[in-house]
Amino acid sequence: MFLINCPYCGERDQSEFSCGGEAHIIRPKQPTELSDDQWAEYLFMRKNIKGVQFERWNHAHGCRKWFNMVRDTSNDKIHAVYKMGEKPPVE
Amino acid sequence: MTKYRVNKTKHVDQTKTVSFDFDGKSYHGFEGDTLASALLSNGVHLVGRSFKYHRPRGIMSSGSEEPNAICQINEDTDLTEPNVRATEIELYEGLKASSQNCWPSVNFDIGGINNFISPFIPAGFYYKTFMWPKSFWKKIYEPLIRWSAGLGKSPTKPDPELYDHKHVHCDVLIIGGGISGIIASKIAAKNNLKTILIEDKNILGGSTIFQKNENYKINDKYSGEWIDEEIAELKKLNNLTIKTRTSLAAYHSYNYLLAKENISDHLPLDKKNGGIRQRLWKIRADKVIVATGAIERPLVFNNNDRPGIMLSNSVKKYLDFYGVSCGFKNVIFTNNDSAYETAVSLKEKGISVEMIDIRKKSNSKIVKNAEQLGVKIYWNSTVVNTFGLRKIYSIEIMNLSEDGSNVVGNKIRINCDCLGISGGWTPMVHMHTQSGGKLDFREIDQTFIPNEIDKNHINVGSCNGDFELEEIINNTNKKVKNYLKVSETEFDNTSILNSKELDKRNIWLLPNYISEGKCKSFIDFQNDSTAKDIKLALREGFKSIEHVKRYTTTGMATDQGKLSNMHALGIIADTAGVKMGTLGTTTFRPPFTPLTFGSIVGRSVGNFFDIIRKTSIHKWHIQNKAKFENVGQWKRPWYYPINDEDLHDAVQRESKAARDSAGILDASTLGKIDIQGTDASEFLNRVYTNAWSKLGIGKCRYGLMLNEDGMVYDDGVTTRLGENHYLMTTTTGGAANVLSKLEDYLQTEWPELDVYLTSVTDHYSTASICGPNSKKILKKIFTDKDFSDDAFPHMSYQNGKIDEINCRIMRISFTGELSYEINIESKYGKSLWEKCIEAGKEFKITPYGTETMHLLRAEKGFIIVGQDTDGTMTPIDLQMDWIVSKKKYDFIGKRSLYRSDTIREDRKQLVGLLTDDPNEVLEEGAQIVSDMSKKPIEMIGHVTSSYFSPNLNKSIALAVVKSGKKMSGQKLIVPMENKNINVTVSDSVFLDKENKRINA
Ligand SMILES: [Zn+2]
């Protein structure tokens, strides 16, 4: 059970949040110009790595805002939390 | 006083007698006893039979590690509970307990036959033997295993007790109220930190509280006296909450912990008063100090499982804490100094005791103390056999060879009625590892101790591998100071006297003159796995400790291997010739001790199990005898039976009435999303498959929403209320997910759009009136309104007023009939409904439920998302190409509609089905085939919706069939259990293809 620091509300229990999978996958602006393979890459391919992962989270039972999180999936350490549209931390 | 109650202690009140039953026999104990101590005071050791071989087993320990003394309590009451450890349950008046896993009785046990055939039940026996013949499994093997493998009986009646959850935050949580936990709590609370101390026993003090030995003193007091004073002071501290009878169940990440508090388990049945039985504490702690102590290890030797063989420190606890001597002729078998404290304590009370030590010598103070008291010690010796079926009466010992790998010399026989065993101590690192902590192996005493790198908690006391008093006090003080950033404490200059252990020797599996195959050296007492089983598993090629554990079931019983895991590891390491530290341990998973389902569920039972949503018209539905259907969390009227009508009759009547005159449906549960903003039209363009820019104000449009993979996700009618204002409806079950999905796109993909979404599902109630007379009814309600087709056409909306209350009227139809929906603020929902019923009386307006709604729309071939679709249907599959805009550049799911897989022509497609016999109604979900001759028969589709239509007077069905689009008129077969039903593929619109009714 993580303690997640929602960028809008502050620290809240994990049960208030839902995870939306890998972050920084941008919906193509011209989907019709993509080949089947390119579209499939956007649509289906997601990383599930052991280690530091960038994820989308939603404060579903709170402010309902989406934000991004950097989490180490091997020990659940949350390295950073930042708003949608903000640049991911470099480290 | 019974014979075995030899000592008066302050923890057991020998003036207050408590009577209880065990296995149908009445006994007496005292207030302060556990069931185990009371049984032992009556000389009862034999309390159960082992799981596999049904060997007689006795009380072995005094705590949560107990593998044998597992009872069913209060059988035949609704409060009965299986798998209760006799060592943990506090004795109360009228307690009824019985042994588990023995039939017909603990003294005569039929399953004991397994003991004699045990050479034939090695590890993996069940896996190997019951494989064949296959036909034996269901009728013979399974019932046999189930019958003989039961661990207690679950209650058959509903649990009458209450359970609670409590959420707390604290600065410091201390787990364990022994000496190190007490020191830590005092330091934390005295430094202005909000502190919680939890202890699973009913009193604080751990094993220090019954220490009264010259060799262990703190500030010149016996350590037991010293800790009494500390506890008294602790109880006066303001910042400290002390929770006894509270056991830690789980330690999750970010210092989130679960603890179970027993509130009434120790009370007699008639004093429980229906109050709260257990409370689950959900604790978020800034800092956690683990002080869970250590568990004494058994020794593994031949026949080490007889009743009367007990952990040495438990023998001491029963004597010094409960005043009970477990035997009068005791032998203690050890590899370490701690067992000598038991010997000294026995001897000081004049009780006979002898020592067998596998070490060659020990010159510590406590050993000298024992020698001075005249305790006979057999050095460099091991027990090779024990005797006594229901209770031990003698043992055989031999000398060990120089390297300990063998026995030498003559056998010596010693009579005894209790054999204490001590193989050293295992730190309880469960909490540390549950939190994700790693372990280090300490070679000198073969223990795994916590590695605290990167952890947000500390371990203190013996769970940290500090076993000697001086280490415990000084290291605890030092670590806590450092962790809590405290510069000085009252424990800084404590004077401590203790005996130091200098000589160590460990042998995981003690050697024997009897061949290994004939020895019964138990490792896991509860699951009956022996050293031989482990070695067999290794010979058969199992290497990983996790695999050996599962194959032999070592450590997989209700005690989770608290006594057995280390020995299993040690024997694997020795056999495989590797270092134990390199093997790693098995994973310790929560809960540390079993949790009741009640405590997990808390108050979320009965009506609180899930939210029940009711519309504002619900009371009317009840008054009018509606049968309800669950749709998501909603209760929706399913049908309204009159007199003795069943579902079929009611639905036939309701459906006919709706098409012949007028019907009314409570449509309040449909999801409603208010959409506002200058980009609202553009937003709808992107989320629906059809075009929205040109929808006039005051008009309604049906929309289909896809997932990005092109599959139909939701549908509904959206109304343009104003230039930048829409009201979207969704399916009842999909409302919450649709809102989340739309929010997701708005916030993450299209933040540039000026759009605001608000869920208004609960804000408006909706009455949907359909049928040829619906217009007349509306006219009676809204007398000044023009309902002509020109003024108020199909798919449009107008505002209206009922007695000054604003409402919205939409002329939309899900039934194919002329139809209106009236939306009004929910608080007026019921009066609106009643007004409609009143106005419709002269037209015999008929309330109808979801079943009739489904039938009516099926007649018209309208889909229900989630019934006719299953997440694999595109709009093209549904033959709804008309709703997919060719002009729009993009919308959610567009690109996926021409992926190679979605353009396949042999996908399952929605069609109508007509049965050759018009009275035959297909079963929803039934499979469809075309060719019965070719085996295996290919399934080409299934029925999604099926009804008998009273308006068409025949059976109709919707189905999805491979290449169905091209199959119109083709004969197919729906094979059922007893017959094959012949069907013909038809158009999916069965009624009024020309849409005459909607505009009637
Ligand atoms: Zn938030």
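The values are calculated or read from the model by the stated rules, or taken from the named source; none is laboratory data. In this text the structure is predicted, and so the values were computed from the model without any measurement. Quick reminder, even Gly has a Cβ in these numbers, built from the backbone with ideal geometry, and neighbours come from all protein chains shown. Note: areas computed on protein heavy atoms with side chains; ligands, DNA, RNA excluded. Shrake-Rupley method; radii C 1.70, N 1.55, O 1.52, S 1.80 Å.
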Per the list (1) over 22 Å from B:ARG85 (Cβ atoms); (2) buried (at least 22 other Cβ atoms within 10 Å of the Cβ); (3) within 32 Å of the chain's Cα centre (by Cα), residue check on B:GLN211 breaks on (3)
From the option list A:ASN68, A:ASN58, single residue qualifying as among the polar types (S, T, N, Q) and over 23 Å from B:GLY893 (Cβ atoms) is A:ASN68
*Do we have any residue at all in segment B:383-397 that's touching a Lys or Arg at 6+ places or on another chain (Cβ under 9 Å), over 30 Å from B:ARG49 (Cβ atoms) and not assigned by TED's automatic domain parsing to the domain that holds B:GLY43?*
no
Residue hits (segment B:561-590; open to solvent by 60 Å² or more (accessible area, probe 1.4 Å) and basic (Lys, Arg)) are B:LYS579, B:ARG589
Being surrounded by fewer than 21 Cβ atoms within 10 Å (Cβ to Cβ) and in contact with a Phe, Trp or Tyr (Cβ under 6 Å, 6 or more places away or on another chain) narrows B:ASN42, B:ASN83, B:ASN7, B:ASN74 down to just B:ASN42
Residue count, segment B:718-737, condition within 14 Å of chain A (Cβ to nearest Cβ) and touching a residue at least 60 places away in the same chain (Cβ under 8 Å), comes to 1
Return yes or no: is B:THR558 crowded, with 19+ Cβ neighbours inside 10 Å and not assigned by TED's automatic domain parsing to the domain that holds B:ASN302?
no
Being open to solvent by 10 Å² or more (accessible area, probe 1.4 Å) and touching a strand residue (DSSP E or B) at 6+ places or on another chain (Cβ under 8 Å) narrows B:GLU708, B:GLU743 down to just B:GLU743
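A quick yes/no check of all residues on (1) at pLDDT 95 or above; (2) aromatic (Phe, Trp, Tyr); (3) closer than 27 Å to B:VAL300 by Cα:
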site	(1), (2), (3)
B:ILE458	yes, no, no
B:PHE467	yes, yes, yes
B:GLU471	yes, no, no
B:LYS478	yes, no, no
B:LYS500	no, no, yes
B:SER515	no, no, yes
B:ARG550	no, no, yes
Scanning segment B:876-894 for residues that are under 44 Å from the mean Cα position of the chain (by Cα) and within 14 Å of chain A (Cβ to nearest Cβ) gives B:PHE891, B:ILE892, B:GLY893, B:LYS894
Scanning segment B:401-418 residue by residue, those under 22 Å from B:ALA568 (Cα atoms) and either of a type in the set (A, V, I, L, M) or in contact with a Phe, Trp or Tyr (Cβ under 7 Å, 6 or more places away or on another chain) (or both) turn out to be B:VAL407
Of the residues in segment A:45-56, those that are under 11 Å from the mean Cα position of the chain (by Cα) and away from chain B (no Cβ under 14 Å) come to A:GLN53
Here the residues within segment B:746-776 that are open to solvent by 40 Å² or more (accessible area, probe 1.4 Å), away from chain A (no Cβ under 14 Å) and either free of Cβ contacts under 8 Å to residues at least 40 places away in the same chain or of a type in the set (Val, Ile, Thr) (or both) are none
Selection from segment B:548-577 of residues among the aliphatic types (A, V, I, L, M), over 16 Å from B:PHE448 (Cα atoms) and free of Cβ contacts under 8 Å to residues at least 40 places away in the same chain yields B:VAL548, B:MET556, B:ALA576
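Residues checked against (1) over 22 Å from B:SER62 (Cβ atoms); (2) crowded, with 23+ Cβ neighbours inside 10 Å; (3) within 14 Å of chain A (Cβ to nearest Cβ):
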residue	(1), (2), (3)
B:VAL407	yes, no, no
B:ASN410	yes, no, no
B:ILE414	yes, no, no
B:GLN434	yes, no, yes
B:LEU439	yes, no, no
B:PRO450	yes, yes, no
B:ASN456	yes, no, yes
B:VAL460	yes, yes, no
B:PHE467	no, no, no
Of the residues in segment B:346-391, those that are open to solvent by less than 10 Å² (accessible area, probe 1.4 Å), more than 15 Å from B:ILE414 (Cβ to Cβ) and not basic (Lys, Arg) come to B:LEU346, B:ILE358, B:SER362, B:SER364, B:ILE366, B:VAL367, B:ALA370
Checked segment A:57-85 for anything open to solvent by 40 Å² or more (accessible area, probe 1.4 Å), under 12 Å from the mean Cα position of the chain (by Cα) and either more than 13 Å from every other protein chain (Cβ to nearest Cβ) or free of Cβ contacts under 8 Å to residues at least 40 places away in the same chain (or both); matches are A:VAL81, A:MET84, A:GLY85
B:GLN446 passes all but one of the listed conditions (1) assigned by TED's automatic domain parsing to the domain that holds B:TYR254; (2) farther than 17 Å from B:ASP503 by Cβ; the exception is number (2)
Per the list (1) assigned to a loop (DSSP other than H, G, I, E, B); (2) closer than 29 Å to B:GLY710 by Cβ; (3) more than 14 Å from chain A (Cβ to nearest Cβ); (4) open to solvent by 30 Å² or more (accessible area, probe 1.4 Å), residue check on B:GLY816 breaks on (4)
Check: Right, A:ILE78: within 16 Å of the ligand (Cβ to nearest atom) and under 27 Å from B:SER435 (Cβ atoms) or not?
Finding: yes
- Message: Could you go through segment B:873-882 and let me know if any residue there is surrounded by 16 or more Cβ atoms within 10 Å (Cβ to Cβ), at pLDDT 95 or above and more than 22 Å from B:GLY734 (Cβ to Cβ).
- Response: no
| said: Can you find a residue that is at the interface with another protein chain (Cβ under 8 Å from one of its Cβ atoms) and touching a Gly at 6+ places or on another chain (Cβ under 6 Å) anywhere in segment A:5-12? | reply: no
Checked pairs for segment A:1-30, first over 14 Å from B:SER253 (Cβ atoms), second of a type in the set (Val, Ile, Thr) and away from the ligand (no atom under 16 Å from the Cβ), C-beta under 7 Å and 6 or more apart or across chains, list as none
- [ ] Could you tell me whether any residue of segment A:48-70 is away from the ligand (no atom under 13 Å from the Cβ), outside any helix (DSSP H, G or I) and acidic (Asp, Glu)?
- [x] yes
Expected output for segment B:872-895 (first residue closer than 14 Å to B:TRP692 by Cα, partner in a loop (DSSP other than H, G, I, E, B) and of a type in the set (Gly, Ala, Ser), Cβ below 8 Å, 6+ apart or cross-chain) is B:SER885/B:ALA691; B:LYS887/B:ALA691; B:LYS888/B:ALA691; B:PHE891/B:SER885
Of all strands (runs of 3 or more DSSP E) fully inside segment B:230-308, the set with 1 or more residues that are open to solvent by 50 Å² or more (accessible area, probe 1.4 Å) and in contact (Cβ under 8 Å) with a residue 24 or more places away in the chain is B:240-243, B:246-252, B:276-290
Restricting segment B:214-258 to residues that are of a type in the set (A, V, I, L, M, F, W, C), away from chain A (no Cβ under 14 Å) and under 35 Å from the mean Cα position of the chain (by Cα), the one farthest from B:LEU197 (Cα to Cα) turns out to be B:LEU248
